[in-house]
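Take a look at the structure set out below.
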Amino acid sequence: MSGHDAAVPPRARHPWLLWAALLTVYVGWGATYLGIRVMVETIPPLAGGGVRFLSAGLLMAGWLVARHGPGVLRVTRAQLASAAVVGLLLLVGGNGLVMVAEQSVPAGLAALLVAAMPLWIVVLRLGLHERPARRAVLGLVLGLVGVAVLVLPGSRPDGVATWSVLILLLAPVLWAAGSVAAGRLPMPRDVFATATLELLVAGVVLFLLAAAVGERGIDPGAVSGRSLAGLLFLIGPGSILSFTAYAWLLQNGPLTLVSTYAFVNPVVAVALGALLLGEELTVPVLVGAAVIVTSVAIVVTAPPATRAAVGADREPAADVGRAEPVPVAR
């Protein structure tokens, strides 16, 4: 039994409780890409993202204050600035770009490209003079091959714009940067307070960006019931419920089990996209999916990176599989 397993409280030893939380993360984050896809059909992506994150942030803030008092959201200026930076990278840069791209990209393809996020963490850690395990580097190389299979001309499904693919390649890089930064910046101690602040900052910034780029506002009369259902799913199960389950798992479950969400989510997204939205499963998509999911599995189960030299940045608090401390919005 590992040291982590030995520290698991008795309540977490019930298999049904662990698997219920894990299933919530699998389905909640896997279906998020479908929620985004249907939301942007009649809701502008930046404004819709602003509603999503601001609503989720206010609901979480109300729950935290009701349960622990207003002091739970009291943070230092440095902690607030850090949460804002990480929130901008994760939610505005990472997830905001996904919402923009899914105006023309199928949910399954978007999920597969974003699933490469752990691979970019390996790249960033190499740039920070850390030595990832050879297994992680192998997974990185394999994963980049899988990404190439998905994005090369002739491999993409019909109607997928090149600009959408390019921003989907940038989105996981920004998400990875936010994940790595969160392990080095002075973040609030309470993980739920951190998530709340990040959500609120992201919601406000997305509204400002929507106005800056001239995005049309949300016309209630033009919003379809399907898009509204997608938005409500993103606020509730896709953000609050899934994150709560994930945060609980980090405290009560073995890391090797928790980290499996990284390679299960894209499989769930591809399957649901085909079943519910009728998305085409081409040979390149299936091959790219198999390669990327395998590479991510290799990376997230590899040993933690080590510092390359004395005096390098401090070790991250977790390995690659746990390098995404506040992944509220997939």
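Please arrange Asp219, Asp158, Asp190 by how many other C-beta atoms lie within 10 Å of their C-beta, fewest to most. Intermediate values should be presented prior to the final figure.
Working: Asp219 10, Asp158 6, Asp190 16.
In order of increasing Cβ crowding within 10 Å: Asp158, Asp219, Asp190.
Based on DSSP H segments of at least four residues, each scored -39500 (n - 2.57), the chain has a per-residue ellipticity at 222 nm of -20000 deg cm²/dmol. The charge dipole of the chain, taken about its Cα centre with unit charges on the Cβ atoms of Lys, Arg (+1), Asp and Glu (-1) only, comes to about 760 debye.
Of the trypsin sites (Lys or Arg not before Pro) in segment 9-85, which ones lie in a loop per DSSP and count no more than 13 other C-beta atoms within 10 Å?
Arg74
Subtracting the Cα-Cα distance of Gln251 and Leu208 from 0.36 nm times their residue separation leaves 11.9 nm of extension gain. Size descriptor for the chain, Kirkwood hydrodynamic radius: 20.0 Å (Cα pairs only, one decimal). Residues whose amide H comes within less than 5 Å of that of Glu130, counting only those at least five positions distant or on another chain, are Ala308 (H built at 1.01 Å from N in the peptide plane). Between Leu128 and Ala78, the FRET efficiency from the beta-carbon distance, with R0 = 35 Å, is close to 0.95.
Residue by residue, segment 285-301 carries 3J(HN,Hα) couplings of 5, 5, 5, x, 4, 4, 5, 5, 4, 5, 5, 5, 4, 5, 5, 6, 9 Hz when phi is fed to the Karplus relation 6.51 cos²θ - 1.76 cosθ + 1.60 (θ = phi - 60°); x denotes Gly or Pro.
Taking the number of Cβ atoms within 10 Å of each Cβ as an exposure proxy, the fewest-first ranking of Leu199, Leu168, Leu59 is Leu59, Leu168, Leu199. Per q in 0.09, 0.12, 0.14, 0.15 1/Å, what log10 I(q)/I(0) does a Debye calculation on the alpha-carbon atoms of segment 1-152 return? Treating every Cα as an identical point scatterer, log10 I(q)/I(0) equals -0.45, -0.82, -1.10, -1.22. Listed values for segment 78-87 are Karplus-derived 3J(HN,Hα) couplings in whole Hz (6.51 cos²θ - 1.76 cosθ + 1.60, θ = phi - 60°), namely 5, 5, 5, 5, 5, 4, 5, 5, 5, x, and x replaces Gly and Pro. Since only Val137, Leu174, Ala229 are under comparison, the one whose Cα sits farthest along the positive direction of the charge dipole of the chain, derived from C-beta charges on Lys, Arg, Asp and Glu, is Val137. Using +1 at the Cβ of each Lys and Arg and -1 at the Cβ of each Asp and Glu in the chain, identify which of Val267, Ala61, Leu112 lies farthest towards the dipole's positive end. After comparing all options, I get Ala61.
A short reminder: the numbers here are calculations on the coordinates, not readings from a lab. Computed from a prediction, not measured in an experiment: that's the story for all the values here. Using ideal geometry, Cβ is built from the backbone for each residue, glycine included, and neighbour counts are taken over all protein chains shown.
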